[in-house]
1. From the set of residues in region 189-221 that are hydroxyl-bearing (Ser, Thr, Tyr) and surrounded by fewer than 19 Cβ atoms within 10 Å (Cβ to Cβ), which is nearest to Thr175 (Cα to Cα)?
2. What strands (runs of 3 or more DSSP E) lie completely within region 442-525 and have 3 or more residues being under 38 Å from the mean Cα position of the chain (by Cα) and in contact (Cβ under 8 Å) with a residue 60 or more places away in the chain?
3. Within region 97-115, how many residues are out of contact with any strand residue (DSSP E or B) (no Cβ under 6 Å at 6 or more places or on another chain) and surrounded by 15 or more Cβ atoms within 10 Å (Cβ to Cβ)?
4. Out of the residues in region 52-68 that are touching a helix residue (DSSP H, G or I) at 6+ places or on another chain (Cβ under 9 Å) and either free of Cβ contacts under 8 Å to residues at least 12 places away in the same chain or hydroxyl-bearing (Ser, Thr, Tyr) (or both), state the one that is nearest to Thr276 (Cα to Cα).
5. Kindly provide the set of residues from region 51-68 that are open to solvent by less than 20 Å² (accessible area, probe 1.4 Å) and aliphatic (A, V, I, L, M), ordered by number.
6. Consider region 536-545. How many of its residues are under 12 Å from Val576 (Cβ atoms) and either modelled with pLDDT of 80 or more or surrounded by fewer than 18 Cβ atoms within 10 Å (Cβ to Cβ) (or both)?
7. For region 69-86, what are the residues that are under 23 Å from Trp159 (Cα atoms), in contact (Cβ under 8 Å) with a residue 12 or more places away in the chain and surrounded by fewer than 17 Cβ atoms within 10 Å (Cβ to Cβ)?
Amino acid sequence: MIKKTISIRSLLLSVFLLLMIFPLTVAIITYKKENEISQKQVSQYLLQTVEQTQRALDANLAEIDRLTWPLLYQQSLDFLDNSLETPYQLFQANQKFRDMVYIYLFRGRLDHIRDIYLVTADHQVLSTNTSLYAFDQIDAGHFRYIMDQLESEPLKMNWFSDKWAIFRSQEGFQTPIHASVTAVRRLNDSNTSELRGYLFVQLNDRFISENVGNVRIGSTGSFMISDAAGDVIYQQDSALFQNLSMSETIQNLPKQGQGIQVVDAKWLLAFNTSPTSGWQMTAVVPLRELLVPNQRVLQYLIIIAGLGTLIFIIVSVLLAMAISKPVIHLARLMSTTSIDNLHMRENVGSIREISILQRNFNRLRERIQQLLLDNERQQKEKREALMQAMQMQIQPHFLYNTLDTIYWMSKEYEADSISKLVTALGRFFRFTLHSGQEWTSMKKELDHVENYLQIQSFRYKDKLKYEIQMDPSLQHIYVMPLILQPLVENALEHGIAKMSKGGKVSITVAREGERVRLSVFNTGSGIDIEKAKKLLQSTDSSEHVGMRNVDQRIKMAFGQEYGIRFSSSQEEGALVLVYIPYQMEAAK
């Protein structure tokens with residue numbers, strides 16, 4: 001017999017409509033008041049943020065200006081009184097200039113300095129940049145523009161964007177630090193007012209980014225700094241300044257003072273002009289990003305929440321007998337659902353919508369249970385297939401060299417040597433052919449590496465020496481097969497083989513807490529750690545396939561905290577470390 005169900009919509013719709021009318025009306029009134037208060041708060045906060053940021057930046061600009069004051073005195077530039085006609089005289093003057101600016105003037109701000117130039121009155125150039133040594137290397141147009149600007153304020157430090165740099169180095173490689181603004185001062189002798197030259201301090205982008213890089217304008221706002229000519233000096237990555245209306249508004253801002261403007265009823269814009277440098281800082285934030293409501297708005301919300309709570313309590317009591325029991329039971333069953341009780345089923349009730357949820361919940365548990373079983377099976381098959389594929393991918397590159405060695409030794413040596421070589425080779429292949437098994441002991445793994453080194457000893461003759469050390473308590477721990485042989489092979493090919501007098505390979509196995517460290521050291525040239533890390537992470541490079549597979553197998557089996565690490569050796573040579581967990585039984 002089919003149970004007759006009733007619609008929960010019919011039961012709750014009329015009640016909820018009545019409940020929604022009152023809170024909706026109050027919410028509309030609250031929203032309007034909140035908008036007015038929040039917009040005023042945002043405007044004040046935004047302008048204060050711009051002012052504080054501008055003051056912090058001006059303090060750094062003033063510091064750069066102050067550091068140049070000693071150059072206004074005769075004794076600071078007395079070396080310019082000597083003749084600078086010969087290359088040697090110019091070199092000596094340039095060396096004194098470098099010592100003066102680096103050791104005495106800008107010693108505390110060198111991390112912000114890119115280059116410093118001094119152009120004398122007779123167009124001799126002194127520079128900290130070895131690429132700039134003659135006046136004809138300077139951009140004449142930019143130099144004339146800067147000179148014209150200095151004429152209007154000859155006693156003041158002037159600031160120019162990177163657009164007006166008078167010299168650009170032809171760098172052979174990219175660096176993370178780039179040129180930024182240039183500070184220019186006219187140097188007149190304080191006693192005679194005679195022009196001594198022009199000082200150019202080219203700063204890098206860290207000078208500005210360290211002062212304003214951490215400034216955030218809300219969560220989606222942004223800001224920019226432009227000079228008096230409108231050239232952008234610094235700008236946060238944002239699409240806000242690409243808007244046409246925004247660009248036109250910024251171009252038409254007053255060149256002095258500060259203020260707030262609303263753009264297209266969408267954005268709030270604050271600007272402030274620095275009296276020190278003439279730079280204008282502009283911040284933009286969307287109007288939808290309003291601050292948290294003030295206390296008055298909070299009171300409104302509390303009143304609304306209180307009234308709503310009271311009404312919902314009354315309604316809940318009235319409806320509890322009709323709908324609460326099956327819903328609470330279903331909710332409890334959902335909250336306690338786990339892999340262990342997926343077999344449990346919910347009884348279907350009489351309310352139509354709830355009964356649909358109950359039937360779908362039962363179907364969902366059945367589906368989850370089946371998916372867990374399928375996923376467990378697939379993951380196990382995938383893991384086994386991937387482990388086998390990566391183990392098989394390690395190619396023994398030394399095979400042909402070894403067979404070639406056996407051939408030539410048969411021509412030159414007695415059968416005893418060949419017998420030893422073939423015996424070691426047989427042991428090696430016996431372990432390799434049985435390496436399809438997922439786990440082996442540390443002792444067997446080291447025996448295999450020793451067989452490999454014995455084979456290579458015949459190839460390298462007296463060039464190869466090796467040493468294997470292991471804590472006796474670690475010989476029975478379980479490890480994955482073939483995790484050391486690729487590393488030793490790499491040490492021979494890239495270390496010992498390149499040394500005319502040969503070298504030594506040292507293998508050490510030691511315990512570090514709950515980890516086991518396996519180290520492979522070979523004499524010879526050191527290892528480029530950064531390049532080795534990139535090769536280890538690369539999937540396209542055909543180099544170091546064996547080493548990459550060892551690292552992937554270990555991480556797949558034990559986690560990302562284990563695997564291969566590269567270390568700087570205290571001795572001359574290369575050191576590779578392998579970390580695996582300490583375990584006395586094979587992992588499942």
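The values are calculated or read from the model by the stated rules, or taken from the named source; none is laboratory data. Everything quoted here is computed from the prediction, not taken from an experiment. Backbone-built Cβ (ideal geometry, glycine too); neighbour counts: all protein chains shown. Only protein heavy atoms, including side chains, enter the accessible area calculation; ligands, DNA and RNA are left aside. Shrake-Rupley method; radii C 1.70, N 1.55, O 1.52, S 1.80 Å.
1. So the residue we want is Ser209.
2. Strands (runs of 3 or more DSSP E) meeting the threshold: 503-512, 515-523.
3. 5
4. By that ranking, first place goes to Ala59.
5. Leu57, Leu61, Ile64
6. 1
7. Pro70, Tyr73
Condition check ((1) open to solvent by less than 30 Å² (accessible area, probe 1.4 Å); (2) modelled with pLDDT under 85; (3) of a type outside the set (Phe, Trp, Tyr); (4) not in a strand (DSSP E or B)) across all residues:
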site	(1), (2), (3), (4)
Tyr117	yes, no, no, no
Leu132	yes, no, yes, yes
Met147	yes, no, yes, yes
Ser169	no, yes, yes, yes
Val181	yes, no, yes, no
